[in-house]
1. With r defined as the distance between the Cβ atoms of S69 and S207 and R0 fixed at 45 Å, what FRET efficiency is calculated, to the nearest 0.05?
2. What nm distance separates the two modelled labels at Q116 and I241, each placed 7 Å from Cα along Cα→Cβ?
3. Give me K103, K40 ranked fewest to most by other Cβ atoms within 10 Å of their Cβ, as a rough exposure proxy.
4. Using Cα pairs under 8 angstrom and six or more residues apart, how large is the relative contact order of the range 70-140, in percent?
5. When a footprinting reagent is the concern and you count Cβ atoms within 10 Å, what order do V161, V139 take, fewest first?
6. Please report, in cubic angstrom per residue, the volume enclosed by the convex hull of the alpha-carbon atoms of the range 94-208.
7. In nm, to one decimal, how far is the S186 label point from the Q96 one, both placed 7 Å along Cα→Cβ?
8. May I ask for the net charge around N79, where only other residues with Cβ less than 11 Å from the Cβ of N79 are counted and Lys, Arg are +1 while Asp, Glu are -1?
Amino acid sequence: VFRLVESSLEELSLLNNSLSNVPLFGNMSKLVSLNLYGNKLKDIPEHSFDGLTELRYLRVERNQICSLSPNALSEVKANLELLDLSGNCFSAIPAQNLRNSVKLMYLDLSDNKIGQLPELKDLTSLKQVRLDGNLIEKVETLAFSNNPKLQLISLQNNNIVQIARNSFDSLDQLLVLLLSNNSIQSIERGMLDGMKNLQQLNLRNNSLTTVDQNTFASLRHLTTLDLAHNNLKKIGKGTFIHQSKLFWLDLSNNQLTSFEEGTFDAKIANILLDGNKLKCDDSFDWFVRYLVTNRVRTFLPFQPEISCASPEKYAGVRLKDLMMKKANDTLNEGMKTLGFGDQGQRSLISSLIPGFRSAQPDSSALQNAAAGLPILSTLTQAIPSMRNMPALESGGAVAGGAANPQLNSAIEQLR
């Protein structure tokens, strides 16, 4: 079939052709990429790839292969860089077929029926391994220790309940670990050790109830952390004390009501809170100040705005409106204490928030005057950061009165 082009063909795609047998390829000595996606193959017989001495990319996903002959890949595995066997019916990783695949960098065995995660021996060049959508229940100790060049491990959509201590040991180059949609109930000390350069960790849709300062202690370079759709009721004080580079933290759809003071210290630019029943009482004030000071976004454009669930006087109030209202209340009380009248208060606000037209008080005098009032002192540091925030269109009212459009405009970026 391929006789006319076999000496020059470099890429061959036979996807979705209802093939039930691997065709004869002849002497395609220059073939680099072969795609057999979406056929009806049940086996790859020995010697199927004889003559394909330069083959580097082999895709056999979405077939009906449940096992491989012992030497099915013997002719090509020495040069293979990518092997995709996803969407078949393997019950175990075909370890013998993969052995000595020293150049293999990308291995995809997703959407099979693999129940156990064996060691992937002799795959010293492996950079990415995907085992999503299988039946794996446990990640064993040193499961990937033979693969020191791994940069991505994806174990999403399995039945993982347990991660043994040091499961990910000696993975200094690992950047991404995806564990979403499993049944993990806790992360104990040592479970996440060995990945000192990890940047992205996804634990979305598991069964976690709490995290503390030991949970992520070894992950000093973490930038994104997804803990959405768990059963988190508490985040311990100092949980993120070592994550100075963290800028994306998804806590949406948990059972969080409040945060102990000191839970967050360094700036985290995005803390998503949708789907939590927040209790906006006095103990919540410190968190409001943290959000203002660090200009933290708490929801995405396609998500509903964050509102308080309790106490009753704040039930249903948008978090951004509460931030502005509490800031104004504190300023008013502080200004009265300092002897400022209504005109002085208006002048102060005009100096802090764009859109107000009145005389500008001396900012250094304000800072000095406020120094004796702890809460006001904090706000005079926090609120000037609003000045440079780009305004977004918004609406809504503050509890107890209509929202001022200038205030809404100023606070909009603090979502």
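Coordinate-derived values only; no laboratory data. Just so you know, these numbers come straight off a predicted model, no measurement behind them. As a convention, Cβ positions derive from the backbone with ideal geometry for all residues, glycine included, and neighbour counts pool all protein chains shown.
1. Efficiency for this residue pair is about 0.65.
2. Going by the 7 Å Cα→Cβ label model, 4.2 nm.
3. Final ranking by Cβ density, sparse to dense: K40, K103.
4. That works out to 32 percent.
5. The fewest-first ordering by Cβ neighbours comes to V161, V139.
6. 80
7. 4.1
8. Around N79, the charge tally is 0.
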